[in-house]
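**Student:** Please find one structure pasted underneath; my questions will follow.
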Amino acid sequence: METGLKNRVAIVAASSQGIGRATAEAFAAEGCRVAMCARNPQTLQQAAAAIQQKYNAEVFSEALDVTDAHAVHRFVEAVVARFGSTDICVTNAGGPPAKGFLAANVDEWQKALEQNFLSTVYFAREVIPHMQRKRWGRIITITSITTKQPVADLVLSNAVRAAVVGLVKSLANEFGKDGILVNNVGPGYTATDRLKDLAKTRSYNSGKPEKEIFDAWAADAPVKRLGQPAEVADTIVWLASERASYITGQTILVDGGLYKGL
Ligand code: NAD
């Protein structure tokens, strides 16, 4: 399938590991020029070097915290200075802690808002003017299955990610006329360090072994296994491609059928 992505400039936020890294790698495999960022300079640099080497890709990377609006501004400016434009922007960040409502304090609510909602606002504000100039752009947010089906003990994710869906739909409505498509991808249980952390918390709270928790997650999906980061990444690449040119304002779950609704 011809994706039409060769030489496109793809920003992937929070991409030193997990789904973000797999997404940066999938864009590099399509011949994109890739811009990566994450907080930890060492792991980011290692990931960027590995992707650059494997695909002979042009990769730009810079350590930053996606909750810092000024840092996001400087990063996007640096990407444009280096590559001449920015065509695709995938927003991502670490997930909020697993908590029930009364266990989550006000600082944690604020952090979840900054990390999992405002970071997307910061990136969108920076990239949209560049995309408008080219009359072509793709913004894809990485959220969660919680945008369709709340998960017990993930009240921060259940609540804050709904705001991202509202933003995605609003941006899709406002900027479709400029050739900019905006969609949201919601992973189900996907084998990354984030899932290991969630399993640890669940195990601690319930007294069940971690393996039992992983097995229950896998069993809950009709395909009877966890997802792989590359499976989420492939969906993101398809959404960014010319093969998905009439899709905007949507949430696509990559969850092995975990979502129980119609
Ligand atoms: P992960 O913890 O494996 O990786 C997170 C990445 O984000 C890392 O590269 C980390 O360095 C970076 N990061 C975290 N906070 C950052 C910040 N403030 N600024 C810059 N970089 C930051 O997580 P993952 O499993 O790849 O998940 C990615 C997103 O998808 C998360 O929001 C997560 O909650 C969500 N999600 C994951 C799953 C799953 O099962 N793995 C399921 C649903 C939703």
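The values are calculated or read from the model by the stated rules, or taken from the named source; none is laboratory data. Please read these numbers as outputs of a predicted model, since none were measured by experiment. In this analysis, Cβ positions are derived from the backbone assuming ideal geometry, glycine residues included, and neighbour counts consider all displayed protein chains. Note: accessible area is taken over every heavy atom of the protein model, side chains too, but ligands, DNA and RNA are not part of it. Shrake-Rupley method; radii C 1.70, N 1.55, O 1.52, S 1.80 Å.
**Student:** Listed residues S170, S119; which is part of a helix (DSSP H, G or I), within 19 Å of G18 (Cα to Cα) and assigned by TED's automatic domain parsing to the domain that holds T86? Quick ask: steps written out before the conclusion?
**Tutor:** Numbers: S170 fails: within 19 Å of G18 (Cα to Cα).
Just a single option satisfies the conditions, and that option is S119.
**Student:** What tally of residues in segment 94-129 results from selecting those that are more than 14 Å from the ligand (Cβ to nearest atom) and aromatic (F, W, Y)?
**Tutor:** Counting residues in segment 94-129 that are more than 14 Å from the ligand (Cβ to nearest atom) and aromatic (F, W, Y) gives 2.
**Student:** With the structure loaded, tell me whether E210 is within 12 Å of Y189 (Cβ to Cβ) and either of a type in the set (K, R) or modelled with pLDDT of 95 or more (or both) or whether it fails that test. Explain how you work it out, then say what you get.
**Tutor:** Numbers: within 12 Å of Y189 (Cβ to Cβ): no; either of a type in the set (K, R) or modelled with pLDDT of 95 or more (or both): yes.
Against the criterion (within 12 Å of Y189 (Cβ to Cβ) and either of a type in the set (K, R) or modelled with pLDDT of 95 or more (or both)), E210 does not qualify.
**Student:** Among the residues of segment 239-256, are any in contact with a Cys (Cβ under 9 Å, 6 or more places away or on another chain) and either outside the structural domain of R133 (by TED's automatic domain parsing) or touching a residue at least 12 places away in the same chain (Cβ under 8 Å) (or both)? Even if it seems obvious, please write down each step before you answer.
**Tutor:** Of segment 239-256, the ones in contact with a Cys (Cβ under 9 Å, 6 or more places away or on another chain) are 240.
Now narrow it down to the ones that are either outside the structural domain of R133 (by TED's automatic domain parsing) or touching a residue at least 12 places away in the same chain (Cβ under 8 Å) (or both): 240.
Yes, that holds for at least one residue.
**Student:** A216: modelled with pLDDT of 95 or more and under 16 Å from G18 (Cβ atoms), yes or no?
**Tutor:** No: the conditions fail for A216.
**Student:** Got a sec? Which of E212, E242, E231 is in contact with a Gly (Cβ under 8 Å, 6 or more places away or on another chain) and open to solvent by 50 Å² or more (accessible area, probe 1.4 Å)? Lay out the reasoning, then the answer.
**Tutor:** Numbers: E212 fails: in contact with a Gly (Cβ under 8 Å, 6 or more places away or on another chain); E231 fails: in contact with a Gly (Cβ under 8 Å, 6 or more places away or on another chain).
None of the other options fit; the residue is E242.
**Student:** Please find, among R202, R194, R161, the residue that is at pLDDT below 95 and surrounded by 19 or more Cβ atoms within 10 Å (Cβ to Cβ).
**Tutor:** Only one candidate qualifies: R202.
**Student:** Report whether or not P150 is open to solvent by 60 Å² or more (accessible area, probe 1.4 Å), away from the ligand (no atom under 16 Å from the Cβ), out of contact with any His (no Cβ under 6 Å at 6 or more places or on another chain) and not in a helix (DSSP H, G or I). If you could, list the steps in order and put the result at the bottom.
**Tutor:** On the way: open to solvent by 60 Å² or more (accessible area, probe 1.4 Å): yes; away from the ligand (no atom under 16 Å from the Cβ): no; out of contact with any His (no Cβ under 6 Å at 6 or more places or on another chain): yes; not in a helix (DSSP H, G or I): yes.
No; evaluated as a whole, the condition is false for this residue.
**Student:** If I ask for residues that are acidic (D, E) and under 17 Å from the mean Cα position of the chain (by Cα), which ones from segment 69-92 would you list? Please lay out each step first, then the result.
**Tutor:** Initially, segment 69-92 is screened for residues acidic (D, E), giving 77, 87.
Within segment 69-92, just D87 meets the criteria.
**Student:** Let me ask something else. Looking at (1) under 16 Å from A10 (Cβ atoms); (2) open to solvent by 10 Å² or more (accessible area, probe 1.4 Å); (3) not hydroxyl-bearing (S, T, Y), find the lone condition where G95 falls short.
**Tutor:** (1)
**Student:** Also: Is one or more of the residues making up segment 113-121 aliphatic (A, V, I, L, M) and either buried (at least 22 other Cβ atoms within 10 Å of the Cβ) or modelled with pLDDT under 95 (or both)?
**Tutor:** Narrowing segment 113-121 to residues aliphatic (A, V, I, L, M): 113, 118, 121.
From what is left, the residues that are either buried (at least 22 other Cβ atoms within 10 Å of the Cβ) or modelled with pLDDT under 95 (or both) are none.
So far as segment 113-121 goes, no, none of its residues is aliphatic (A, V, I, L, M) and either buried (at least 22 other Cβ atoms within 10 Å of the Cβ) or modelled with pLDDT under 95 (or both).
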